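The values are calculated or read from the model by the stated rules, or taken from the named source; none is laboratory data. All values derive from a computational prediction rather than experimental measurement. When we count neighbours, we look across all protein chains shown, and the Cβ atoms used for this are built from the backbone with ideal geometry, even at glycine. These accessible areas exclude ligands, DNA and RNA; they are computed on the full protein's heavy atoms, side chains included. Shrake-Rupley method; radii C 1.70, N 1.55, O 1.52, S 1.80 Å.
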Amino acid sequence: IYAAGSTGDSLTWAVGGEDARVKSQGENITGRTPAAANGFSPGTVAPVTLEVESWAAYGLVGLKLSETFNLTAEGRYTSDERKIDINRFDRRTGLPVSTVRFDVEGDNSPSNFDYTLSAGWKFQQGWLLYGKAGTAFRAGSFNTDLGDPRGAPVKLTYEDEKSRTFEVGMKGDQMPGLYLSLVSYQTTTSDALVQKDNGCRATNPACPVAQTNFLDNGGKAQVRGGEIELSYRGQFLGGRVRADI
């Protein structure tokens with residue numbers, strides 16, 4: 001649900017909220033040829049239950065200070081409650097299989113406030129100079145396979161990844177039909193999510209089985225960059241021509 005409006009020509013606004021409730025249930029079934037080596041088992045079945053309760057509130061205010069200068073502020077608060085329950089059973093006997101690895105049960109409650117602040121200045125006809133600063137996050141969740149206990153430990157949950165971005169740019173019409181955009185940005189991420197493995201592999205005598213991949217928080221990361229875009233639209237030999245770089 002949301003509401004939006006404006007006050008005169010100088011102020012625009014929006015406020016709203018969201019609520020989502022999800023319960024997902026399913027089964028992962030693995031088959032194999034029954035043999036004496038595997039106890040004549042036809043495979044395994046893994047029931048999975050995931051529950052998510054999520055709500056968010058957000059707002060935006062835009063302020064036009066003059067015909068050429070404006071400011072915008074946006075904010076959003078998100079809160080989740082997540083629960084997961086996974087186990088794995090033998091399809092012949094119904095008994096749990098490798099409970100240390102596949103008995104996954106846990107919950108986490110990621111929440112965060114994100115914002116974006118931006119300013120734009122039309123310093124001449126057809127040209128805009130702008131800057132913005134904002135934050136974002138990826139909510140923490142679960143690793144659903146805890147791996148062979150002989151390998152490195154796999155965490156059930158991983159924490160939120162959070163980032164902060166600064167961007168400045170200029171864009172406009174260099175001449176009729178020719179559009180130019182110049183952008184420079186920097187993003188700093190804390191608790192960056194990275195994929196790891198538990199070290200198991202055929203060449204590891206301590207854990208000679210297939211590796212288990214999982215997500216974990218890897219620390220701080222930073223990205224800097226710039227972009228240049230040129231776009232031309234015009235007429236050529238009686239038809240339309242378009243070129244983008």
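Summary table below
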item: Residues satisfying the stated conditions in the range 86-100, i.e. under 14 Å from residue 156 (Cβ atoms) and open to solvent by 70 Å² or more (accessible area, probe 1.4 Å); result: 100
item: Count of residues meeting criterion [open to solvent by less than 80 Å² (accessible area, probe 1.4 Å) and over 10 Å from residue 179 (Cα atoms)] in the range 231-245; result: 4
item: Some residue of the range 9-30 being modelled with pLDDT under 95 and of a type in the set (Phe, Trp, Tyr); result: no
item: Test result for residue 82, farther than 30 Å from residue 122 by Cα and touching a strand residue (DSSP E or B) at 6+ places or on another chain (Cβ under 9 Å); result: yes
item: Hits in the range 119-134 - residues which are assigned to a strand (DSSP E or B), open to solvent by 30 Å² or more (accessible area, probe 1.4 Å) and not hydrophobic (A, V, I, L, M, F, W, C); result: 122, 124, 130, 132
item: Options 181, 141: the member that is over 23 Å from residue 74 (Cα atoms), open to solvent by less than 30 Å² (accessible area, probe 1.4 Å) and out of contact with any strand residue (DSSP E or B) (no Cβ under 6 Å at 6 or more places or on another chain); result: 141
item: Verdict on residue 165 being without any contact (Cβ under 8 Å) to a residue 40 or more places away in the chain, buried (at least 16 other Cβ atoms within 10 Å of the Cβ) and polar (S, T, N, Q); result: yes
item: So residue 195, is it part of a loop (DSSP other than H, G, I, E, B) and touching a strand residue (DSSP E or B) at 6+ places or on another chain (Cβ under 7 Å); result: no
